[in-house]
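Chemist: Let me begin by handing over the structure; questions about it come next.
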Amino acid sequence: MEFRDLRYFIDLVESESYHATAQKNQVTQPAISAMVKRLEEECGVQLIFKKSSRAPLVITPAGQVLYKRAKKLVKEENSIKIKVKRANANNFRLGYSELAGKA
């Protein structure tokens, strides 16, 4: 399971649109469909379905579980990236208030 696929899946659930998800992530609609298929194959369950091309997306209970867990994972991924960058920054910042400087 790749973080990119999880981010696309989150966007798809939130927008309820393959087209909007593809535009937001600057990929094609078939790329979003392929992502759903990959996740479904990896999880072994159906995550999303549409009754017809005009019908709204239906997120299965398994899809809801994946959505909620993916949001947590992606948030943690972002936190890890920030902490790793800060660890190598070696920056020291010192500040003071102008009020304290006048006293």
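The values are calculated or read from the model by the stated rules, or taken from the named source; none is laboratory data. Everything quoted here is computed from the prediction, not taken from an experiment. Methodologically, a virtual Cβ is constructed for each residue, glycine included, from the backbone with ideal geometry; neighbour enumeration extends over all protein chains shown. For the accessible areas, the whole protein counts, side chains as well, though only heavy atoms, and no ligand, DNA or RNA atoms are used. Shrake-Rupley method; radii C 1.70, N 1.55, O 1.52, S 1.80 Å.
Chemist: Given the criterion at pLDDT below 95 and acidic (Asp, Glu), identify the matching residue among ASP5, ASP11.
Modeler: ASP5
Chemist: Filter the helices (runs of 4 or more DSSP H) completely within the range 1-61 down to those with at least 1 residues that are closer than 21 Å to GLU76 by Cα.
Modeler: Result: 3-15, 29-43.
Chemist: Additional query: List pairs: first in the range 64-81 and of a type in the set (Phe, Trp, Tyr), second part of a helix (DSSP H, G or I), Cβ under 7 Å, 6+ apart or cross-chain?
Modeler: Listed by first residue and then by second, the contacts come to TYR67/PHE9; TYR67/ILE10; TYR67/VAL13.
Chemist: Report, by residue number, each residue of the range 50-93 that is open to solvent by less than 50 Å² (accessible area, probe 1.4 Å), among the small types (Gly, Ala, Ser) and either within 18 Å of VAL13 (Cβ to Cβ) or at pLDDT below 80 (or both).
Modeler: Hits for the range 50-93 are ALA55, ALA62, GLY63, ALA70, ALA89.
Chemist: Which of the residues that make up the range 58-88 are among the charged types (D, E, K, R), out of contact with any helix residue (DSSP H, G or I) (no Cβ under 8 Å at 6 or more places or on another chain) and under 21 Å from SER17 (Cβ atoms)?
Modeler: Initial filter on the range 58-88 (among the charged types (D, E, K, R)): 68-69, 71-72, 75-77, 81, 83, 85-86.
Those still in the list that are out of contact with any helix residue (DSSP H, G or I) (no Cβ under 8 Å at 6 or more places or on another chain) too: 68-69, 72, 75-76, 81, 83, 85-86.
Correct list: LYS68 only.
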